[in-house]
1. If N is the number of residues in the range 439-538, what value comes out of its Cα radius of gyration divided by 2.2 N^0.38 Å?
2. Find the accessible area per residue for the range 385-477; the probe is 1.4 Å, ligands and nucleic acids are left out, and the unit is Å².
3. If you place +1 on the Cβ of every Lys and Arg and -1 on the Cβ of every Asp and Glu, how big does the dipole about the Cα centre of the range 72-182 come out, in debye to the nearest 20?
4. Need one number: % antiparallel among DSSP beta bridges in the chain, to the nearest 5.
5. Given a 1.4 angstrom probe, I'd like the percentage of the accessible area of the range 371-519 that is carbon and sulfur, rounded to a whole number.
6. Set Lys and Arg Cβ to +1 and Asp and Glu Cβ to -1, take the dipole of the range 195-316 about its Cα centre, and tell me which of Gly267, Ile305, Tyr236 lies farthest positive.
7. Given a 1.4 Å probe, how much area per residue of the range 191-336 is accessible, in Å²?
8. Which one of Pro540, Gly488, Asn523 is farthest out on the positive end of the charge dipole of the range 484-545, using unit charges on Cβ (Lys, Arg +1; Asp, Glu -1) and the Cα centre as origin?
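The values are calculated or read from the model by the stated rules, or taken from the named source; none is laboratory data. Remember, it's a predicted structure, so these values are computed and weren't measured experimentally. Cβ coordinates were reconstructed from backbone atoms using ideal geometry, including for glycine residues, and neighbour counts include every protein chain displayed. The accessibility values were calculated without ligands, DNA or RNA, using every heavy atom of the protein model including side chains. Shrake-Rupley method; radii C 1.70, N 1.55, O 1.52, S 1.80 Å.
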Amino acid sequence: MLRPRSRPITSFGTELKTRAPPFARFAVGLCPLLLAPAVAWPDSGMTVPQSCAALSGAHVAAGAIALPTTGAVIESAEFKVHGNYCAVIGTISPISASAPNIEFEVNLPSNWNGKALQMGGAAFDGVLVKATGPAVLEPDGSATPLQRGYATLGSDGGHKGLAPFDGSFGMNDEALLNYGKESVKKTHDVALDLIRKHYGRAPRRFYFVGSSQGGHEALDAAARYPADYDGVISDYPAYNVTLLHLASLNVGKAIYGHDGAGWLSPGKTRLLVDAVYAACDTVALDGVRDGVISNVAGCNKVFNIETVRKTLTCRAGVDDDTCLTAAQIQAVAQITSPYRPGFAIAGMSEFPRWPLLEGAVFRVSTFGSRPMPSNPPTAADALLYNAGAATSRYILARDLAMDPLTFDPNSSDWLRARTQYVGTIMDVSDVDLTSFRKKGGKIILTHGTADDYITPYNTIAYYNQQRALQGSKNLDSFLRFYVIPGFGHGMGPFNARYEGLEALEAWVEKGRPPGDLIAIDVNPDDRGRTRPMCVYPTWPKYLGKGSVDAAQSYRCVER
């Protein structure tokens, strides 16, 4: 059932601030110059700005970082008057002279709440996460973690990238290790050293939040480094990058194979998506016609690949935006079927289907604007193909001349072994969460039903695997999973935001496990409408009365 709320749904930002500690609330509203303590902690005799400046040029010894590096150096430490915090930027030096540095930022607020929050990256990383903004998927108007007094931190994942899927870093072994799993720990350890130097003590709580690749990094934090973190939020995680990108390449092969005969143009994609919504966004299935397909299981029954064949097949000699050819329907069938590489990668031998026939709209993760890609691909080509092409070229085969459409991980024993080895670096699917559970760590895990970049069934597979390993009682003691209807990869027909950090804090610090939460839609046309975020496997069904834009008009029901 929907958890009762003790406050109006529309006042998330205001209430977040009013629930903050008194000093933190005061800090948000008044001139920061008046708020900075006269003396930094520990009692050094220096003001906070002076203590901040003293960090510039400082070194963090390699011995303070648990994984192999040659230490870190602080490039700049600047007190931000209007934010009332010390922004520390530096680099962690690699072991190999040929490997790039890890760039990091650690932000040390004057109104420190005694806690730290690490923020994850996106895609192939390659851009410094400054960690000064809101936590991922927090509602608009919420105070940022930094404003709330968190020491915040982020990194570039261990390299610089020119585009979301610039995989050139993958030619370097150490850079690949940093991206795949080690930059999370190295950045944590450097930040911990700086926090101790600045405040004189370690944080009492250390959290991690991230989405997509950042969601992967959140699960890395929990699974690989359980002693370091108290709680993580992992939204639509790319937790098995190797397998995900092979399956993404499989989507590219579906639409670009046979000289592009299966390519789904924007018009063809729109035709298919509109047919799905006409069949599945109905009062009969989920209680209301609202632009969101909530009853996905019901949708699967009334609209599937057989429906496509019966209702959308082109007549002989016709190929326009009113129908799909046999080759295009075969591409749809391949995209909406599991991908199997023929061997296990980090414990997984199958990647689930994409939700093309149940609500994903493929407007951002498109199938591209032309029937055949360039080599290397560009933004004109399918986004999923871009991801798969980069991983196969730079990380797996390490062959820049290779045509990704010809890539086959089974083409040699070496390439199969290489792919499985890379899976031990980039995939966290088979790393046990038991240590994190036993130390009291908590996980909030989410995914949207309309995600057209990482299928929600991938996270459902992770959740089911963890349930099988941990048992229902143990899993429920430390992990909550939410599948959000209509939400895509940070956008979608229902562009969800929710108070995740607040829920995680309550669970970790007060022992209050989250139940059904509230999601707010931030799409311009539907801004402010709310829905329950139901604990999996339940979904929100309209009760038949009350505002269709208000969460209290819905009930979480079994599938």
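1. Against the compact-globule rule of thumb, the ratio is 1.10.
2. Working: 3340 Å² over 93 residues.
Ligands and nucleic acids excluded, the figure is 36 Å² per residue.
3. With only Lys, Arg, Asp and Glu charged at Cβ, the dipole is about 360 debye.
4. Values: 37 of 62 bridges.
The antiparallel proportion sits near 60 percent.
5. Working: 2660 of 4970 Å².
Answer for the range 371-519 is 54 percent, counting heavy atoms of protein chains only.
6. Tyr236
7. On the way: 4910 Å² over 146 residues.
So the range 191-336 comes to 34 Å² accessible per residue, rounded to a whole number.
8. Pro540
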